[in-house]
Amino acid sequence: MRSTKCRTATWTTFASGSSNGTASCATTSRPASEVEWEAAARGRAGRCYAWEGDFDPAHFNSFESHVRGTTPVGVFPVGDTPQGIADMSGNVWEWTGSLYRPYPYHAEDGRESGGW
């Protein structure tokens, strides 16, 4: 896995994959689609939470964990997915390249039209 140094980005610069000026990262990339993000968080098992098991505020930054602010990646390692993906729950809103549409996901509803 390659590590890149990132700067503060807006959703617009992140979604564009831009890599110049104050835009996101030193490499060009695209944000995951909603369905890609959910597949990484839930895994093939279709877990309710990124980790295996029930709701537990010790596993992620939530109101119940009483942190009351954002945290750096890796503060809640017990909340990692079984594949080692960190911070898939809580902390901040997750950005995806999909247009916002109500849950559940329906591929035919136009959210993947690239209109962002």
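The values are calculated or read from the model by the stated rules, or taken from the named source; none is laboratory data. Fair warning: this is a prediction, and the values are worked out from it, not measured in the lab. A quick note on method: Cβ atoms are made from the backbone with ideal geometry, for glycine too, and the neighbour counts reach across all protein chains shown.
Observations on the model:
- Of all the numbered requirements in (1) loosely packed, with under 13 Cβ neighbours inside 10 Å; (2) modelled with pLDDT of 90 or more, Tyr49 misses one, and that requirement is (1).
- Positions within segment 26-58 being touching a residue at least 12 places away in the same chain (Cβ under 8 Å) and either assigned to a helix (DSSP H, G or I) or touching a Leu at 6+ places or on another chain (Cβ under 9 Å) (or both), in sequence order: Glu34, Val35, Glu36, Trp37, Glu38, Ala40, Ala41, Ala58
- Residues satisfying the stated conditions in segment 59-106, i.e. in contact (Cβ under 8 Å) with a residue 24 or more places away in the chain, over 15 Å from the mean Cα position of the chain (by Cα) and not in a loop (DSSP other than H, G, I, E, B): His59, Ser65, Val78
- Single condition Trp116 does not satisfy, out of (1) assigned to a loop (DSSP other than H, G, I, E, B); (2) at pLDDT 85 or above; (3) surrounded by 14 or more Cβ atoms within 10 Å (Cβ to Cβ): (2)
- Filtered residue count, segment 52-61, keeping only those that are surrounded by 11 or more Cβ atoms within 10 Å (Cβ to Cβ) and in contact with a Cys (Cβ under 9 Å, 6 or more places away or on another chain): 1
- When His66 is tested against the conditions (1) on the phi > 0 side of the Ramachandran plot; (2) surrounded by 13 or more Cβ atoms within 10 Å (Cβ to Cβ), the lone failure is (2).
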